[in-house]
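Working notes for the structure below.
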Amino acid sequence: MLSDATLTPLTGTTLLLVMIFAGRAFRQNWKAQGPRWAAKAWLYGLPAAVAFAALAFIPMDI
């Protein structure tokens, strides 16, 4: 089932944008370390990590 999974260019672009914006929010939150920063870091870090893993391990369908 997962062996034939591929990313379309639109899906790849969407995942790239999610990774960029969530990663930037994660980094800004980590540097500021305001109230409840650890919970916010998880909130921003998980989508960035999932998007990165998908882009790294699922091939593109071009």
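Values quoted throughout were computed directly from the atomic coordinates according to the rules given, and no laboratory measurement underlies them. Bear in mind that the values here come from a model prediction, so they are computed numbers and not experimental data. Here the Cβ positions follow ideal geometry from the backbone for every residue, glycine too, while neighbour counts run over all protein chains shown.
Of note:
- Angle in degrees between helix 37-57 and the longest Cα principal axis of the chain, rounded to the nearest 10: 20 degrees
- Net charge over other residues, Cβ less than 14 angstrom from the Cβ of LYS31 (K, R count +1; D, E count -1): +3
- Computed over the chain: relative contact order in percent, which uses C-alpha pairs under 8 Å that are six or more apart: 55 percent
- Per-pair calculated FRET efficiency, R0 = 30 Å: TRP37 and LEU10 via Cβ, rounded to 0.05: 0.35
- Three semi-axes of the equivalent ellipsoid, the chain, Cα gyration tensor, whole Å, largest first: 28, 11, 6
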